[in-house]
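Chemist: Please see the structure below; I have some questions.
Each value in this text was obtained by applying a stated rule to the coordinates, not by laboratory testing. If you're wondering where the values come from, they're calculated on a predicted model, not measured in any experiment. Here Cβ is always computed from backbone atoms with ideal geometry, including for glycine, and neighbour counts include all displayed protein chains.
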Amino acid sequence: MRVIFDPETDTISLIFREDKIAESDEVREGVIIDYSKDGNEGE
């Protein structure tokens, strides 16, 4: 797992896997989950 904080945009990214992103979904305002081709949660 990798954690990245961007102070310029005041955002945090939690990287669980290094798979390519196939789809993104905003599950609630300000929370975006990226999914790999096989449906696993990614960045």
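Chemist: Pop out the ³J(HN,Hα) list for the stretch 8-23 in order, Karplus 6.51 cos²θ - 1.76 cosθ + 1.60 with θ = phi - 60°, rounded to Hz; leave Gly and Pro as x.
Modeler: Per-residue couplings from phi come out as 5, 9, 6, 10, 10, 10, 10, 9, 8, 9, 9, 5, 5, 7, 9, 7 Hz.
Chemist: Please compute, for the alpha-carbon atoms of the chain, the extent along each of the three principal axes and give them in descending order in Å.
Modeler: Projected onto its principal axes, the Cα set of the chain covers 32, 23, 12 Å.
Chemist: So how far apart, in nm, are the two label points at residue 22 and residue 9 if each is 7 Å from Cα heading toward Cβ?
Modeler: 2.3
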